[in-house]
Amino acid sequence: SVPSLSFSSLHYSQPTTAERRRVGRSSSISSKSMLHQPSPLRSAAALSPTSFHSPLSVAKDFSPLLLPAAAVPWSPHSFGAQRNKESGGVTDLLELITTLRIFISCVERYPNDAVAGAVATRALAPLAQATELCVRGVLEEYHSAASTGNVVTLLSAVWFIREFCEASSSALGLVRQHGGPELLGPALLNPGSDDRLLQEAVRLLHCLQGAEGLLMTIPQVLKTRPRVLTQLLWRLRERSREALDELQVVPPRALLQAAMSSIEAHPEDAGVHDAALALLADLLAVPDYRAIFAEVGGWPYVVMMMEARRDNADVQRRGLQILCELQRGSAFRGPHADRVAQVVMQMLEHFHTDSKILEWGAWLLLELGNLRAVLKMLEHTGEASAAGLGALQALHQVKWGQTEGADMTAIVEVVRVVGPIMLRASQSGRSEVLNLGLEVLHSVTCAAASATDESLPADVAQARMEAVSVQMEVLRQRHFDVDTVDRCMSVVEIFQLAPEGSQLKRQIRDSLFTEGLVQRLAEQHALQDRVQRKVLWAHGVVLGPRAVLSIMERLAGSLPCMVAGVKTLGKLFDDLDELDATAREARALTVEVLTRAMQTWPKEVHLLTHSCFALSALAAHGLDTEGGSYTAEHLKVGLQVAWKRAGEPAQELDLQPDGKTKARYLREELLRLEIESVKVAGPNLLQSLQSECLRAGTAEAQCKALLRDAQSMEPKEFCDHLRLALVGLGIAGRAEHIVEVLRQGLPWWQPTVQAAAEASVELSRLGLQSELQRAGWAEAARGVRERWQQSGGRMDAATQEALSALQFAEAWVGGVGGAP
């Protein structure tokens, strides 16, 4: 008799009625009821047009393979009887299968071929019988190996059965008919079974009865078969990673309790612990599992296990991963958080060379509000150790004002610990430590920079100035290193955040310019674009646009300097909501410098693109009406030079296979300049500017290029470019073109409709509703909805966004719903 497993009793709580209903099928994995069901293979054979009562009758009609040799024109000898004798029939089988493979390949390639269909119909029944013979043969070998205890043959048979079941539903049904999971008793319960055999047997069990079968087998082997238990847990973990949806039919509580019971049943078995913890760690990445795990008291159990097995790195790593997943759901509060923090600190001290433990442990400490514990670890171990480096990496991830414990009061301690480390790293040249520390000090100082001196405690105000002093000292010591200069010059961002008149602002200005530090950097790195950009940006932010213009005029022959200066001026004027007196006075000179640069380098597309953007940023602030330097003449000059110098290169680039993207962005910035110029132009200038915009044809050329290249672009990119082009047409007085694009909706109707709708809203805000109305905008919008409904009314995310934009535009163009 073949030993069989009994799956009737469970050692953990049975699923509730509701949980069974969610499963959608009986939780029993007994296969006895399948013994009375017809074989899928026999059912498949019944598809033959010839009636029959058994596979053997079909074989007599269609399968010469099963007839005596004399009854057919060939014999086994013609296929190499001697080889058959030596190889046990494998060689002959391979030769037969070669013909079958060719036929199958032809059927796949020509499924409608008449000959292939006729032969397939006749071959179906004997092939079904051959398949059944293979499966039955392997099952017989399995029973033979089980009775003799031959583990090698047993492994081979289990492997064959699993491969059959995974590839064929017919084979799966046949195996279920002949015992199903009860067949696996000899493989799972044999003391001589090795891990490979157990793994294959568990995979076959999963194939036969799914994740439910694995889960419900655990109680039967829980206390007596730790190796089988380990393989069951690992298989469940594999399915949680490969197909988590499959586990949805399993009650989450039962799955979590099975893992916890496994650890409890084998407190000294590292293999069981590792498998159970790995399963828990993956499951707890799902919020629903985290909530149930907390309800059943899972996290204290994990902490207790980690405390009991402090020397096992695998257990500590898995346990820490579970704790991190639980903390994502904010599982720890009050005294629980203190206990977890204590366990993590002990683990970090013991495994300070394990990168994963360091990374996860430091993160968890920060999440628990133990920022000072991380600083203490950094101070105790030093920056030269792996633990110290891990602490710095954790501090680098802190979100000041968001991470618990990362408030103003902690800034003093951070600067006290990290500051000296930065100075030592600067002298020793430890670049990784230096870069991390500079980022930490920068984020700390930015968090406190916007507060006034009076609103901060004295020690915090002093700490932020010390942080800047450290960064400036590192810059002085390592002025030759481009990466260090790049990071240290980020103090300009702190200057932007600091209130006017604050000590912090004065400190940064004096350190950079009074001492001549920026000037030395500019001279030492004259050929480094990164440094020159930082230098120009510092001049613009700290000293104003005129300082940037002065450098550009002095280095007018340097293309890198001009490109960096143009970018700086564009960003400066674009970031300013209101111009102060210094910036307002510099606008006229800025136009002169920008247009001169465009004329000097007419083929440098990068410079032309950013120059158009900088000119549009200047125009966006409007004309000076009270004796200012920026007049309508400067507006016209900027436009004329941009049309002349940027229009022609855009046309040339459009003809090049790899130049279409550059042409598109160049025209976009030229369009932006046209739009901003028309917006601020007075009544005397408006009509002439509109006529010149139409004559330049920038918007029309952009629309044609976009419609031509639409299929090579992402929908959002296409929508953004088309929206600006349509606005350009609208401000030039061509509202009918927008309506026509909306009416056609080509080439993609969702992004095209969305772009036209958003452009219509922007034009309506400029007071151009009447032009859109006269062009028939309302009728075109109704047509869009009708075409959508006629096409089936499919609603996906892109369609919903397009229709929402259209509805919003209808309110603006029609002047209803709160729109003017």
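Taking the stretch 554-570 as the range and being more than 15 Å from L543 (Cα to Cα) and either touching a strand residue (DSSP E or B) at 6+ places or on another chain (Cβ under 7 Å) or part of a helix (DSSP H, G or I) (or both) as the test, the residues that pass are R554, L559, P560, C561, M562, V563, A564, V566, K567, G570. Quick one: is Q231 out of contact with any Gly (no Cβ under 7 Å at 6 or more places or on another chain), farther than 22 Å from L358 by Cα and buried (at least 17 other Cβ atoms within 10 Å of the Cβ)? So Q231 fits the description; yes.
Suppose the filter is open to solvent by 30 Å² or more (accessible area, probe 1.4 Å) and among the hydroxyl-bearing types (S, T, Y); does S469 pass it? So S469 fits the description; yes.
When L746, L742, L726 are screened for being part of a helix (DSSP H, G or I) and either at pLDDT 90 or above or open to solvent by 60 Å² or more (accessible area, probe 1.4 Å) (or both), only L726 passes. Looking at the stretch 750-771, is at least one residue in contact with a Ser or Thr (Cβ under 7 Å, 6 or more places away or on another chain) and open to solvent by less than 10 Å² (accessible area, probe 1.4 Å)? No, the stretch 750-771 contains no residue that is in contact with a Ser or Thr (Cβ under 7 Å, 6 or more places away or on another chain) and open to solvent by less than 10 Å² (accessible area, probe 1.4 Å). The residue that is surrounded by the most Cβ atoms within 10 Å (Cβ to Cβ), among those in the stretch 772-820 that are under 17 Å from R743 (Cβ atoms) and among the β-branched types (V, I, T), is V813.
Of all the listed residues (L572, L579, L559, L512), the sole one being modelled with pLDDT of 90 or more, open to solvent by less than 60 Å² (accessible area, probe 1.4 Å), closer than 29 Å to E668 by Cα and of a type in the set (A, V, I, L, M) is L572. Looking only at the stretch 686-701, residues that are surrounded by fewer than 17 Cβ atoms within 10 Å (Cβ to Cβ) and either in contact with a Ser or Thr (Cβ under 9 Å, 6 or more places away or on another chain) or not in a helix (DSSP H, G or I) (or both) come to 1 in all.
Taking T609, is it open to solvent by 20 Å² or more (accessible area, probe 1.4 Å), under 18 Å from L724 (Cβ atoms) and among the polar types (S, T, N, Q)? Here the answer is yes, as T609 does meet what is asked. Yes or no: the stretch 122-140 includes at least one residue that is touching a Lys or Arg at 6+ places or on another chain (Cβ under 9 Å), open to solvent by less than 40 Å² (accessible area, probe 1.4 Å), charged (D, E, K, R) and modelled with pLDDT under 80. For the stretch 122-140, residues touching a Lys or Arg at 6+ places or on another chain (Cβ under 9 Å), open to solvent by less than 40 Å² (accessible area, probe 1.4 Å), charged (D, E, K, R) and modelled with pLDDT under 80: absent. Residues that are assigned to a helix (DSSP H, G or I) and in contact (Cβ under 8 Å) with a residue 40 or more places away in the chain within the stretch 148-171 comprise V151, L154, L155, V158, W159, I161, R162, C165, E166, S169, S170, A171, listed in sequence order.
Scanning the stretch 419-449 for residues that are buried (at least 20 other Cβ atoms within 10 Å of the Cβ) and free of Cβ contacts under 8 Å to residues at least 40 places away in the same chain yields a single hit, L441. So is L205 open to solvent by less than 40 Å² (accessible area, probe 1.4 Å), touching a Gly at 6+ places or on another chain (Cβ under 8 Å) and within 30 Å of M260 (Cβ to Cβ) or not? Yes. Could you list, in sequence order, the residues of the stretch 205-252 that are at positive phi and of a type in the set (D, E)? Hits for the stretch 205-252: nothing passes. Can you find even one residue in the stretch 625-633 that is over 18 Å from F718 (Cα atoms), open to solvent by less than 20 Å² (accessible area, probe 1.4 Å) and in contact (Cβ under 8 Å) with a residue 24 or more places away in the chain? Yes, that holds for at least one residue. In the set (1) under 23 Å from S193 (Cα atoms); (2) surrounded by fewer than 18 Cβ atoms within 10 Å (Cβ to Cβ), the condition left unmet by A243 is number (1).
The values are calculated or read from the model by the stated rules, or taken from the named source; none is laboratory data. Computed from a predicted model, the values in this text were never measured in an experiment. Because the Cβ atoms are built from the backbone with ideal geometry, glycine has one as well, and the counts that use them run over all protein chains shown. Remember, those area values only see protein heavy atoms, side chains included, never the ligands or the DNA or RNA. Shrake-Rupley method; radii C 1.70, N 1.55, O 1.52, S 1.80 Å.
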